[in-house]
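Each remark here refers to the structure printed beneath this line.
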Amino acid sequence: MRIAFFGGTFDPPHTGHLELARHILKQGKTDRILFVPAYDPPHKLEQKISSFADRYAMLKLLVADKPDIMISDIERRAALKPSYSVKILKLLEKEFPDDTLQLLIGGDSLAALHTWHKARELVTKYEIICYPRKGYRVDRESLLKHWTAKEIDILLQTVLKMPFFDISSTSVRNNITDKMINKNIKESILKYIKSKGLYL
């Protein structure tokens, strides 16, 4: 079975995350999507984020009753500081020894992939699935600064042709009381946010 590792802060998880997962599954690019909320994201060390427990609980509400979408708390259990994708993937290999792990990232992450910890190991060891992000164009010319021609061929083949899901967790957080924004999160998650006083 192919399992696509989908890491992120998910603060909060929204319908864009869910629609993205559904679209990739529908395209047949993977068999399962594994949401992996970050415990100590290295790119957000200076930002205030909700607790892992709250973000994990909201993800459970997001993917309830969806057998082809899973959640893992491996980052909490591993408690790596900071937590790098390559390290988490190696731990997941032990949990899913008979499966093939893939790495699901956005176009913004692909553009900055050369800055990731052990980036070349990620590219050579794991199949990457890249979804487009509005405002980020990934092409051969931009990748030439950081990757070999062979690596660029691999990376460009990962980019999917699919619609943008133009919803961000930042916009949801900043406008949590706006009715239009509320349409971008499940009712159960909105109730959780209000009960916990998050983002208010």
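List of remarks:
- Qualifying position, being among the β-branched types (Val, Ile, Thr), under 21 Å from the mean Cα position of the chain (by Cα) and outside any helix (DSSP H, G or I), among ILE167, ILE193, ILE189, ILE154: ILE167
Okay, residues lined up against (1) closer than 19 Å to ARG32 by Cα; (2) within 17 Å of the chain's Cα centre (by Cα); (3) open to solvent by less than 50 Å² (accessible area, probe 1.4 Å); (4) of a type in the set (A, V, I, L, M, F, W, C):
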site	(1), (2), (3), (4)
TYR56	yes, yes, no, no
MET70	yes, yes, no, yes
ALA78	no, no, yes, yes
ALA112	no, yes, yes, yes
THR124	no, no, no, no
PRO132	no, yes, yes, no
ARG140	no, no, no, no
TRP147	no, no, yes, yes
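- Any chance LEU91 is touching a Phe, Trp or Tyr at 6+ places or on another chain (Cβ under 7 Å) and at pLDDT 90 or above: no
- Residue match in segment 132-141 (condition: closer than 17 Å to PHE5 by Cα and in contact with a helix residue (DSSP H, G or I) (Cβ under 9 Å, 6 or more places away or on another chain)): yes
- Residues of segment 1-22 classified as over 12 Å from ILE105 (Cα atoms), assigned to a strand (DSSP E or B) and open to solvent by 10 Å² or more (accessible area, probe 1.4 Å), total: 1
- Count of residues meeting criterion [within 19 Å of ARG22 (Cα to Cα), open to solvent by 30 Å² or more (accessible area, probe 1.4 Å) and either modelled with pLDDT of 80 or more or aromatic (Phe, Trp, Tyr) (or both)] in segment 152-186: 6
The values are calculated or read from the model by the stated rules, or taken from the named source; none is laboratory data. Fair warning: this is a prediction, and the values are worked out from it, not measured in the lab. Heads up, the Cβs are rebuilt from the backbone with ideal geometry, glycines too, and the neighbour counts pull from every protein chain shown. Side chains included, ligands, DNA and RNA excluded: accessible areas come from the protein's heavy atoms. Shrake-Rupley method; radii C 1.70, N 1.55, O 1.52, S 1.80 Å.
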